[in-house]
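What follows is a short report on a single structure.
Every number here is computed from the coordinates shown, using simple stated rules; none is lab data. Quick caveat, the model's predicted, so the values are computed rather than measured. Because the Cβ atoms are built from the backbone with ideal geometry, glycine has one as well, and the counts that use them run over all protein chains shown.
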Amino acid sequence: MATQSLVGTKNKAGQTITDPWQMMHDAERTPCFFTGSEVIKEALRRANCDIMIAYPITPQSEAAALIGELFAEGFIGDYFRGESEFAVMSQCAGAAFGGARVFTTTAGPGTMRAMENFPMWAGARLPIQMIVTCRGINSPLSIQPDTLEISYLLNTGMLVWHAETAQDFYDWILKGYIVSEEPDVHLPLALCCDGFFVTHTKDMVNLTPAEMCLPPYDPYRSPVPCMDMECPPVRMMRDPFVMKSNYISYATHASWQQEVWAAVERSRKHTVRWLDGLIEVDNPDADILIVSSGTAVSQGREAKILLEEEGIDVGIVKIKSLRPWPGEEIREVTKNAKHIIVPEFNVTGWMAREIKSTITNSERVYAGPHVCGGMTLPPEIIAADIKSLLGIKTAALAGRGS
């Protein structure tokens, strides 16, 4: 109620605090031609964010620098650079413990270096939003797009969404705060995109008015007390329970980890409402379905056009949310499909494994095609693999660099 009473008033930057549903669904939109990094900045301009903590690592560095400009303009309450990726995520936790709305960005090796913090964020029920501009994490070093790091985030207790386009990015940053800060959720969100493909290319994005902003974060709606060292799970420093009794420690951790994952499930109803479903489907009755997330969906759409020119009927399933996982939706939409194609920008095929573990008759799932280390995924490759599955001979495609 305290937050609702602020609707219609001004924040420190002079923006009008607006009902989130009205802002995201009813407000007039202006088309702008922006890179994904610029879109992150514009979303943060409207997010009523208290603090952004940054550390440079390609390809998220540009977004972090642009948000620094927002601080200079008065749209971010505080802004500073940490001394390492691990330090940034620890500092984000401190700010969130203190009741701030927190934002940060990371990528690739930075995500991996900071990984210890993410289960801590979830366990402490800190609704931090982290943009992950996915890039290669393997040696030899690559700064190019690769989604392998997403697979590491799936079991942290964070919410994980995977944006396909800059428009997704803009809308989901704002909607992400709304979902993650719900009292029955109150979890961190990793909002992922495929680095460079989204961050450094320009696209038309429809923006809400800059004079509107989200209501501020109300830490008193948190399901756990802010900075209360006498109340688990935040009693971490003085006389911690792990040093008093193994039994108390086991019981606390067992019950609380279950509560974190129950909160992930409780986010489902909010995510469905704000993202208009956990998946998006085009031509669900086709025998062949291309199922993926991120920019692999865009490549699948192009492959669909190529195949339909040859009379081959194909459907597209775009997975928006990875946590919560849309298991029921995927089972329903794929129940009659004969072939399920899962193109991915990584070598391990984590998305295909998730789908195989979800559906019956998992032999229908074709894990691929895969590209990694920054290689593009031409739609011709997806189309060729589908035709091969159907027993249709295709001309050999030239090798890379030939």
>> Taking just the alpha-carbon atoms of region 105-154, what radius of gyration and Dmax come out, in angstrom?
In response: 11.3, 36
> Whats the longest run of the chain with zero GluC sites (Glu not before Pro) that are DSSP loop and have at most 15 other Cβ atoms within 10 Å?
Replying inline: 117-210
> Once phi is turned into ³J(HN,Hα) by the Karplus curve 6.51 cos²θ - 1.76 cosθ + 1.60 with θ = phi - 60°, what whole-Hz value does each residue of region 79-95 show in order, with x for glycine and proline?
Replying inline: 7, 7, 9, x, 8, 6, 5, 4, 4, 4, 5, 5, 5, 4, 4, x, 5
> Once both labels are modelled 7 Å past Cα along the beta-carbon direction, what's the Glu69-Lys269 spacing in nm?
Replying inline: 4.2 nm
> Within region 254-320, which trypsin sites (Lys or Arg not before Pro) sit in a loop by DSSP and count at most 14 neighbouring Cβ atoms inside 10 Å?
Replying inline: none
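Given only helices, namely DSSP H runs of n ≥ 4 each adding -39500 (n - 2.57), what is the per-residue ellipticity at 222 nm of the chain, to the nearest 500 deg cm²/dmol?
-11000 deg cm²/dmol
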>> Report the gain in length on full extension from Ala210 to Ala27: 0.36 nm times residue separation, minus Cα-Cα distance, nm rounded to one decimal.
In response: 64.8 nm
>> Apply the Karplus curve 6.51 cos²θ - 1.76 cosθ + 1.60, θ = phi - 60°, to the phi angles in region 130-147 and return the couplings in whole Hz, x for Gly and Pro.
In response: 10, 7, 10, 9, 4, 8, x, 10, 7, 8, x, 4, 9, 9, 8, x, 6, 9
> Which length gain, in nm to one decimal place, applies between Trp261 and Asp19 when the Cα-Cα distance is subtracted from 0.36 nm times their residue separation?
Replying inline: 84.2 nm
> In square nanometres, what is the average projected area of the Cα convex hull of region 7-221?
Replying inline: 10.7 nm²
>> Using amide H atoms built in the peptide plane, which far-off residues or other-chain residues are under 5 Å from Val160 H to H?
In response: Ala190, Leu322, Arg323
>> With the cut-off at 30 Å, tell me which of the pairs Lys269/Lys356; Lys356/Lys393; Lys41/Lys304 have Cα atoms farther apart than that.
In response: Lys41/Lys304
> If you bin the C-alpha pair distances of the chain every 10 Å from 0, what whole percents do you get?
Replying inline: 5, 22, 31, 24, 13, 4, 1
>> Taking a ≥ b ≥ c as the square roots of the Cα gyration tensor eigenvalues, with a/c under 1.5 meaning rounded and otherwise prolate when a/b beats b/c, else oblate, which class fits region 53-147?
In response: oblate
> Mind listing the phi-derived Karplus ³J(HN,Hα) values for region 149-158, rounded to whole Hz, using 6.51, -1.76 and 1.60 with θ = phi - 60°, and x for any glycine or proline?
Replying inline: 5, 4, 4, 6, 7, 5, 10, 8, x, 7
>> Given points 7 Å out from each Cα along the Cα-Cβ axis, report the Leu390 to Lys10 separation in nanometres with one decimal.
In response: 6.1 nm
> Using the beta-carbon distance between Ala251 and Val224 and R0 = 22 Å, what value does 1/(1 + (r/R0)^6) give for FRET efficiency, to the nearest 0.05?
Replying inline: 0.80
>> Can you give me the long-range amide H partners of Met212? Hydrogens built in the peptide plane at 1.01 Å from N, cutoff under 5 Å, separation of 5 or more residues or another chain.
In response: Thr16
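Given a cut-off of 17 Å, what percent of all Cα-Cα pairs of region 314-402 lie beyond it? Don't skip to the answer; put the middle values down first.
Values: 2103 of 3916 pairs.
Within region 314-402, distances greater than 17 Å cover 54 percent of Cα pairs.
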